[in-house]
Amino acid sequence: PPADYRAAVARLDAQPRADLAAIVARVRRSQPVVRAAAERVYDRFLKANRLASGVRSYDEVVVLILGTRGGPQGRPARR
């Protein structure tokens, strides 16, 4: 949700906030039709190269990272 996004971004340091602002600006300059076509092509490319979930795999990585407990020095904790 937008309010959650704004709250999370507000907690970041200046450089990550600037990076996110640059990403938003780049997306706003792009054409929705071109973005959608590029995503479809990339999804097919990933699937053709044996990544069955295609672009969805990026979401799966984020879920994995956020769902993994941190151990010493920020490394994943062993079970």
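The values are calculated or read from the model by the stated rules, or taken from the named source; none is laboratory data. Values in this document were obtained by computation on a predicted structure and should not be read as measured data. When we count neighbours, we look across all protein chains shown, and the Cβ atoms used for this are built from the backbone with ideal geometry, even at glycine. Accessible surface is based on the protein model in full, side chains and every heavy atom, while ligands, DNA and RNA are left aside. Shrake-Rupley method; radii C 1.70, N 1.55, O 1.52, S 1.80 Å.
Computed quantities for the displayed model
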{"item": "Kirkwood-type radius of the range 35-79, with distances r between different C-alpha atoms, in Å", "result": "12.2"}
{"item": "Radius of gyration and Dmax over the Cα atoms of the chain, both given in Å", "result": "16.6, 45"}
{"item": "Extended-chain gain in nm, criterion 0.36 nm per residue less alpha-carbon gap, residue 62 and residue 13", "result": "15.6 nm"}
{"item": "Vicinal HN-Hα couplings computed from phi for the range 51-61 (Karplus, 6.51 cos²θ - 1.76 cosθ + 1.60; Hz; Gly/Pro x)", "result": "10, 3, 8, x, 5, 4, 4, 5, 4, 5, 5"}
{"item": "Accessible surface, the chain, averaged per residue in Å² (probe 1.4 Å)", "result": "92"}
{"item": "Residue-span extension gain [residue 78 to residue 3] - 0.36 nm each, minus C-alpha spacing", "result": "23.6 nm"}
{"item": "Förster-model FRET efficiency, 25 Å R0, residue 24 and residue 47, C-beta, rounded to 0.05", "result": "0.30"}
